[in-house]
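Structure record follows, encoded as structure tokens.
The values are calculated or read from the model by the stated rules, or taken from the named source; none is laboratory data. From a predicted model like this one, the values you see are computed outputs, not experimental measurements. Every residue, glycine among them, receives a Cβ derived from its backbone with ideal geometry; neighbour counts consider all protein chains shown.
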């Protein structure tokens with residue numbers, strides 16, 4: 001993807017403008033908000049699962065930074081899973097004090113795209129935002145283009161016989177079983 005001259009190159013090709021930070025610790029949340037706003041991100045804070053879901057729906061963030069231990073009945077893993085169900089390609093970075101491999105594995109299983117532990121290096125966090133956003137962007141474009149490739153090509157012969165063939169047959173000639181005439185599979189729909 002090419003970048004405009006007015007576009008910040010650190011954000012290309014995956015453009016992240018708005019980040020939702022789900023963090024119940026006020027000092028940590030304030031630090032993250034200040035750090036990210038200094039980097040020209042628009043930041044929305046949520047202190048629990050309920051606020052996270054509300055802000056996710058209302059603000060439509062480009063990226064989510066999510067703590068795992070949250071007040072209330074819903075954990076960060078559950079929040080991650082719900083957000084990914086709602087929007088498969090929103091990048092979610094877990095930022096947690098939990099350093100266990102089981103925690104990382106569970107985060108991956110519920111859809112988290114990256115995992116950093118606290119305390120963290122701000123430079124490492126900023127780099128992780130960029131790399132995670134780019135990876136999710138690539139994955140979204142790869143999956144959507146392979147989904148397009150999976151769609152069958154539908155067309156008809158002059159005699160009325162209808163066909164449904166795989167994308168790989170575009171531009172090839174088939175013989176109609178009804179009338180025996182050659183039929184060209186359309187290159188474009």
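At-a-glance table
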{"item": "Qualifying residue in region 16-35 (condition: under 18 Å from residue 121 (Cβ atoms) and either at pLDDT below 95 or part of a strand (DSSP E or B) (or both))", "result": "yes"}
{"item": "Enumeration of residues in region 98-117 that are outside any strand (DSSP E or B), surrounded by 14 or more Cβ atoms within 10 Å (Cβ to Cβ) and more than 19 Å from the chain's Cα centre (by Cα)", "result": "98, 103"}
{"item": "Region 118-131, subset farther than 15 Å from residue 19 by Cβ and free of Cβ contacts under 8 Å to residues at least 24 places away in the same chain, residue nearest to the chain's Cα centre (by Cα)", "result": "124"}
{"item": "Residue 22, sole failed condition from (1) in contact (Cβ under 8 Å) with a residue 24 or more places away in the chain; (2) within 15 Å of residue 96 (Cα to Cα); (3) loosely packed, with under 14 Cβ neighbours inside 10 Å", "result": "(3)"}
{"item": "Some residue of region 81-89 being surrounded by 23 or more Cβ atoms within 10 Å (Cβ to Cβ), within 21 Å of residue 139 (Cα to Cα) and under 11 Å from the mean Cα position of the chain (by Cα)", "result": "yes"}
